[in-house]
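The values are calculated or read from the model by the stated rules, or taken from the named source; none is laboratory data. None of the values given here were measured: they were computed from a predicted structure. Note that each Cβ is placed from the backbone with ideal geometry, even for glycine, and that neighbours are counted across all protein chains shown. These area figures cover heavy atoms from the full protein model, side chains too; ligands, DNA and RNA do not enter into them. Shrake-Rupley method; radii C 1.70, N 1.55, O 1.52, S 1.80 Å.
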Amino acid sequence: MYRLGARAYALATATLSHIELAREAQIGLDWLQTVTPEAIHFAALVGDTVVYVAKTEGTRPYRMASAVGSQLPVHSTAIGKVLLAFLPPERADRILPDVLVRFTDATITDVSELKSQFPEIRAKGYAIDDEENEENIRCIGAPVFGPANEVVGGVSVSAPSFILSRSEAQALAPSVVAAAEKISKAIGAPLSNA
């Protein structure tokens, strides 16, 4: 007989509690799908882990390799960076791994360099993963806030970098932020963030 370890059980239980959050997020994902043909993700904080809880495939002939239930690196993904930037610093430090793994030549592996991006991310309301997690993939992510005005997850759009240039990513960013605000509003965030 197999049994889940305590950590696996806690993660599974917390993930199940985020299924309802994923349902509420669908309003923003559906709206964003009318704006872009690219893949859209919603990820939530599950304890100190960031997990994809919803995904809408794009209408392009290719598919992103991401899967619902998979864990995201926080330092190299757009959603991860947004969460780190908007979390209280002590919680962000707890979530941030001791060693920032290099996934591509563009991955930021210096904690100080990563943290230096946070003020700009907070000011703009979004983060860009510029081929930092996967080669040839660019993502834009925006934060989703919960009823207590705390960041609880994020929404992102991902596409091959030859389709989504840096300037196109920046042009799409306001729509990603708008989708995140729709989700925030749907789950009861105060109107100041929604």
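Just a few scattered comments:
- Contact order relative to length of the chain, as percent, for alpha carbon pairs under 8 angstrom and 6 or more apart: 21
- A simple charge model with +1 on the Cβ of Lys and Arg, -1 on the Cβ of Asp and Glu and nothing else charged puts the dipole of region 17-149 at about 320 debye relative to its Cα centre.
- Taken over region 16-124, the convex hull of the Cα atoms encloses 126 Å³ per residue.
- A convex hull fitted around the alpha carbon atoms of region 133-191 yields 71 Å³ per residue.
- Restricting the calculation to Cα atoms, the chain shows an Rg/Rh of 0.95 when the hydrodynamic-style radius is the Kirkwood one.
- Rounded to the nearest 20 debye, dipole of region 84-194 from Cβ charges on Lys, Arg, Asp, Glu: 540
- Accessible carbon and sulfur surface of the chain relative to its total accessible area, %, 1.4 Å: 55
- For region 81-194, averaging the sequence separation of C-alpha pairs within contact (under 8 Å, six or more residues apart) and dividing by the residue count gives a relative contact order of 23 percent.
- Among the listed pairs LYS55/LYS182; LYS124/LYS182; LYS55/LYS124; LYS81/LYS124, those whose Cα-Cα separation exceeds 20 Å are LYS55/LYS124.
- Rounded to the nearest whole Hz, the Karplus-based 3J(HN,Hα) values (6.51 cos²θ - 1.76 cosθ + 1.60, θ = phi - 60°) of region 34-47 follow the sequence 6, 9, 9, x, 8, 5, 10, 10, 10, 10, 10, 6, 10, x, with x at glycine and proline.
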